[in-house]
Each structure stands twice: as structure tokens, then as C-alpha cells.
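Worksheet: one structure, shown below.
The values are calculated or read from the model by the stated rules, or taken from the named source; none is laboratory data. All figures in this text were calculated on a predicted structure; none of them were measured in a lab. Here Cβ is always computed from backbone atoms with ideal geometry, including for glycine, and neighbour counts include all displayed protein chains.
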Amino acid sequence: EPEVTQTPSHQVTQMGQEVILRCVPISNHLYFYWYRQILGQKVEFLVSFYNNEISEKSEIFDDQFSVERPDGSNFTLKIRSTKLEDSAMYFCASSGQGADNQPQHFGDGTRLSIL
Amino acid sequence: GESVGLHLPTLSVQEGDNSIINCAYSNSASDYFIWYKQESGKGPQFIIDIRSNMDKRQGQRVTVLLNKTVKHLSLQIAATQPGDSAVYFCAEIPNSGGSNYKLTFGKGTLLTVNP
């Protein structure tokens, strides 16, 4: 069964450094998403992406965050200058149609630890 | 300051029993709902979905019930197995303000299956 893959599984970064989290969505999917989950809390929406542009973003997704689909297979989340409170699990998801037509399928996440 | 995680509702059942996990959703205009299962160290895994024009949908060993009157969703798992032990999240697509992209997750229920 096709799946969403994320790398690395664990990223440790110094505060203030840039970090790039990588995702390979399911190959025929058109909609891409990032979510995050702080330890012990709910999964929170960050951003959705379709047709090479952001469709929607949350208040969490401020100017320090950006997303990119640099080629036909990868989807990345960049945090420009990391803060301690960015420590969380970051999940990438994809869906074939709009989010209200098909379920989003998630990767196993990248654990981001900011020191 | 230190953030406090949510205290998850928990459900403990014996192997072979049926499980019922409940969820109250927030937006009466939401029209698409999904149940996800999250095992430790993994991403949310799609289980079953339902649209607001239905009140029941069945899958393999799982049934989702939707009560729009009281904004309540439930997941029934038949003949629960140890492999069903996980945190279960309901998620909705809020359909207000033209947003049809982001999933809003509930806080989850920890299901423990005792052999």
C-alpha cells in the first residue's frame, strides 16, 4: 500500500538554526499538508498546499515557516530560525482530492528537538 | 514555562470485547469526519470516514456512528484485539469560512486491550 514517507525521523537542532523537514507524499496525490503535535497534545494543522501554492495556513504558520515542492516528489517544511517551542512531532500528509473529499494519509513524522 | 499535556480519556477492555470510543465535535457545519488510530511513535493512520449525509458507516470490524443533533461521533470496534491498542482521534473538516482543507483533531482516547 502506498505511504507517505518522512525524513529524518529525528532532528536535533540548536535554537536559531534553520531546519528543513522532508516528505515524499503518495505519488498520485495532489494536496499536501503539514501538521504538528507537541508531546501529549492534539495534532494541530499548520498548512495545506495545492497547485504549487499555499491553500490555507494556521496562526502557528508564521513568517518563520515556509513550504516548498521543489520537484515532482518532495514536499518540504522549512523553519528559518528555530525556537524552543518549535520542538514537536511534525507530520506530513497528502490526499488525492480536496481534504473534504478524501481522507488525508499521514507519514510517521519527524521528531524535532530544539536545544 | 512548562506546557501541560492533555489528560487523555482512557478505555481499557478485555481482548474479544467490543469497544466504543466517543467524540464530541465542535462545528455544526462540519460535513466530513474521520477516525484515526495513532500507535506510539507513528503517525495517525486512517481507519474510517463518514459524511454528514450519513449516520452510520461500517468497515472491517469498525463502525462509525454520527449524531448531528448532539454533534457526537462514535467508533465501535468489534472483537477488540491487542493490536488495536493505540490512541484514537476523531477529526473533522470545519466547513465554515470556505475552509475545506484543514483537519481539526479531537484530543484522543487511549484504548488499552488486555489479553
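A few remarks follow.
- For the residues A:106, A:32, A:65, A:49, the requirement of being of a type outside the set (Asp, Glu), in contact with a Leu (Cβ under 9 Å, 6 or more places away or on another chain) and within 17 Å of residue B:102 (Cβ to Cβ) singles out A:65.
- Residue list for the stretch A:21-47, restricted to those being without any contact (Cβ under 8 Å) to a residue 60 or more places away in the chain and surrounded by fewer than 12 Cβ atoms within 10 Å (Cβ to Cβ): A:27, A:39
- In the stretch B:10-31, the residues that are within 13 Å of another protein chain (Cβ to nearest Cβ) and modelled with pLDDT of 90 or more: B:23
- Test: residue in the stretch A:78-94 that is part of a strand (DSSP E or B), of a type in the set (Ser, Thr, Tyr) and over 11 Å from the mean Cα position of the chain (by Cα): no
- Here residue B:72 meets each of (1) surrounded by fewer than 15 Cβ atoms within 10 Å (Cβ to Cβ); (2) of a type outside the set (Asp, Glu); (3) within 23 Å of residue A:105 (Cα to Cα); (4) at pLDDT below 95 with one exception, condition (3).
- Residues that are modelled with pLDDT of 90 or more, within 26 Å of residue B:87 (Cβ to Cβ) and out of contact with any strand residue (DSSP E or B) (no Cβ under 9 Å at 6 or more places or on another chain) occur in the stretch A:53-70; there is at least one.
- Residue ranges of strands (runs of 3 or more DSSP E) in the stretch A:1-47 with at least 1 members among the charged types (D, E, K, R): A:19-24, A:31-37
- Screening B:101, B:88 for residues that are in contact with an Asp or Glu (Cβ under 9 Å, 6 or more places away or on another chain), surrounded by 12 or more Cβ atoms within 10 Å (Cβ to Cβ) and either under 30 Å from residue A:55 (Cβ atoms) or charged (D, E, K, R) (or both) leaves exactly one candidate, B:101.
- Residues of the stretch A:48-63 classified as part of a loop (DSSP other than H, G, I, E, B) and exposed (fewer than 14 other Cβ atoms within 10 Å of the Cβ), total: 5
- Of the criteria (1) in contact with a Phe, Trp or Tyr (Cβ under 6 Å, 6 or more places away or on another chain); (2) more than 9 Å from chain B (Cβ to nearest Cβ), which one residue A:43 fails: (2)
- Of all residues making up the stretch B:21-38, the number that are of a type outside the set (Phe, Trp, Tyr) and more than 9 Å from the chain's Cα centre (by Cα): 8
- Among residues of the stretch A:67-78 that are touching a residue at least 60 places away in the same chain (Cβ under 8 Å), none has a Cβ under 6 angstrom from a residue that is surrounded by 15 or more Cβ atoms within 10 Å (Cβ to Cβ) and among the basic types (Lys, Arg) at a sequence gap of 6+ or on a separate chain.
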